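Have a look at the structure below before the remarks.
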Amino acid sequence: MMNRRLKVSFYGDDFTGSTDAMEALTLSGLRTVLFLRLPSSRWLDETFPDLEAIGLAGTSRQMSPEEMERDLRPALARLAEIPSTVVHYKVCSTFDSSPQVGSIGKVIDMGKDIFRPGYIPLVVGVPPLKRYTVFGNHFVRVGEETYRLDRHPTMSRHPITPMDEADLRLHLGRQTNSRMALMDVLDLAGDMEEVRKRLRERTADNPDVVLFDVLDDEHLLKIGQLLWEEARNGQRFIVGSSGVEYALGAWFQQTGGASRAEKKGPSPLPDARQILVASASCSPVTRRQIEWALANGFAGIRVPAEQLVDPGERDKALEQCYREAVPILEKGGSLILYTALGPDDPSLERTRERLRSLGLPHYESGKLIGTQLGMLTRRLLKEAGIRRLVVAGGDTAGYLTQQLDIIALEIISPVDPGGPLCRVYSGLPDLDGLEIALKGGQVGQEDYFAKALHLR
């Protein structure tokens, strides 16, 4: 048991999103470490005695409700035991979920049981990441266009959790019988006394969940104040995106609630000789990043996803990729291993067909691809002595990094919002101190991989 109280602890439903939440807390001035396995008391009290916030990176976005009950419930129960003012279940800012896979409704049901809150705040909008919730409907900006979630070019066609409903209450209502209320943009207008009064009105009939609209930084600040006030009164379990961390961070910054007096801005990245990128994302954002990098000095190797999911072919496919990669890395080149280029890549349908032929559900693809790509990545890191790694694709990053025996991560420097460069803590000497960025598929500017390398 810890001998001090944390301000925030969170569980991330995938690894890339977990680093996003850690980044927001770090930039607000809180020393934060992300654990990739349940931390022992020794790690909490001896290795990191000055922590103010911790995260636990998970893979629940890929779990069935039955798997959540088996694997996620003990993790949430462990977080409930760690002294912390706020406990946050961190979801993707595009609300990736369904009744069958990554059910946020299932999490809410477990949270009610474990934490016994009066209600569970739900915050999904993240203006710094161009995610907005207005009158309960969710919007995502891509480039110069803002899309309603059910018309988003990627999420509406997501291979595992396609989003066909932008009203988050309706979408969540397919996953839980919990009663929901809404604090909309009009409720958040005016001074804080008025906002508190409206919150009391919205919770008068004891809803299980209160969804908060988020359109701008002012909303984040007000929500952060409300969340902190409610948490100090015992309302400690929250569900939402990294908007929760940005909201709390804004409040800490205003009130001096962080130990580090000034908000950290981007600092120059330390130069790297070369980087290895492992991408299993089918996002058009990552596709553009890969294409930009290949046109600007990076080498690329396509990894056949349809073979990685097939036990009869995966070893041969991995060995072929390894043989192609080694000469590139030995010559000092930076390399991208990728399984797809965007949502229309023919490999996606080939992979789905292969899974069907093997009698496997489609949602197993992330686990199978991530695990095998992780094995290849681990071998290349060891053989070529690579010290900086980028992993792209939230659905597979957790399974990939599980092959690297990482205990914890701490931010070194921002790259693009939501995809910081981190230091690895590992019990293995060849991996301890490795620099790694876990980037969600839709995170980052076109030149993200070049920034991670610091070519310019």
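Val185: in a loop (DSSP other than H, G, I, E, B) and buried (at least 16 other Cβ atoms within 10 Å of the Cβ), yes or no?
yes
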Please give the helices (runs of 4 or more DSSP H) falling wholly within the stretch 291-382 in which 3 or more residues are surrounded by 14 or more Cβ atoms within 10 Å (Cβ to Cβ) and without any contact (Cβ under 8 Å) to a residue 12 or more places away in the chain. none
Among the residues of the stretch 199-206, is any under 16 Å from Ile108 (Cβ atoms) and assigned by TED's automatic domain parsing to the domain that holds Pro127? yes
Based on what the data block shows, is Gln254 at pLDDT below 95, surrounded by fewer than 24 Cβ atoms within 10 Å (Cβ to Cβ) and part of a helix (DSSP H, G or I)? yes
Residue pairs meeting the criteria (Cβ under 9 Å; at least 6 apart or on separate chains; first not assigned by TED's automatic domain parsing to the domain that holds Val239, in the stretch 118-131; second of a type in the set (Ser, Thr, Tyr)): none
Can you say whether Leu188 is more than 20 Å from Ser242 (Cβ to Cβ) and at pLDDT 95 or above, as far as the supplied structure shows? no
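Matching residues to (1) touching a helix residue (DSSP H, G or I) at 6+ places or on another chain (Cβ under 6 Å); (2) more than 27 Å from Trp43 (Cβ to Cβ); (3) among the acidic types (Asp, Glu); (4) outside the structural domain of Gly433 (by TED's automatic domain parsing):
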residue: Ile328; (1), (2), (3), (4): no, yes, no, no
residue: Gly333; (1), (2), (3), (4): no, yes, no, no
residue: Leu358; (1), (2), (3), (4): no, yes, no, no
residue: Gly370; (1), (2), (3), (4): yes, no, no, no
residue: Ala408; (1), (2), (3), (4): no, no, no, no
residue: Ile411; (1), (2), (3), (4): yes, no, no, no
Can you tell me which of Glu291, Glu230 is of a type in the set (D, E, K, R), at pLDDT 90 or above and closer than 30 Å to Val326 by Cβ? Glu291
Those residues of the stretch 383-401 which are surrounded by fewer than 20 Cβ atoms within 10 Å (Cβ to Cβ), out of contact with any Asp or Glu (no Cβ under 8 Å at 6 or more places or on another chain) and in contact (Cβ under 8 Å) with a residue 12 or more places away in the chain, in sequence order: Glu383
So, in the stretch 151-178, exactly how many residues are in contact with a strand residue (DSSP E or B) (Cβ under 8 Å, 6 or more places away or on another chain), outside any loop (DSSP other than H, G, I, E, B) and more than 17 Å from Val101 (Cα to Cα)? 2
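Report the residue count in the stretch 28-57 for those that are among the hydrophobic types (A, V, I, L, M, F, W, C), surrounded by 23 or more Cβ atoms within 10 Å (Cβ to Cβ) and in contact with a Leu (Cβ under 8 Å, 6 or more places away or on another chain).
Total satisfying the criteria: 6.
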Looking at Arg202, Arg148, which one is farther than 30 Å from Leu341 by Cβ, touching a strand residue (DSSP E or B) at 6+ places or on another chain (Cβ under 7 Å) and basic (Lys, Arg)? Arg202
May I ask you to list pairs of residues, at least six apart or on different chains, whose Cβ atoms are under 9 Å apart, with the first in the stretch 41-62 being under 12 Å from Ile82 (Cβ atoms) and the second being of a type in the set (Asp, Glu)? Ala53/Glu245
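The values are calculated or read from the model by the stated rules, or taken from the named source; none is laboratory data. All of these numbers come straight from a predicted model, not from anything done at the bench. Positions of Cβ are generated from backbone atoms using ideal geometry, with glycine treated the same way; all protein chains shown enter the neighbour counts.
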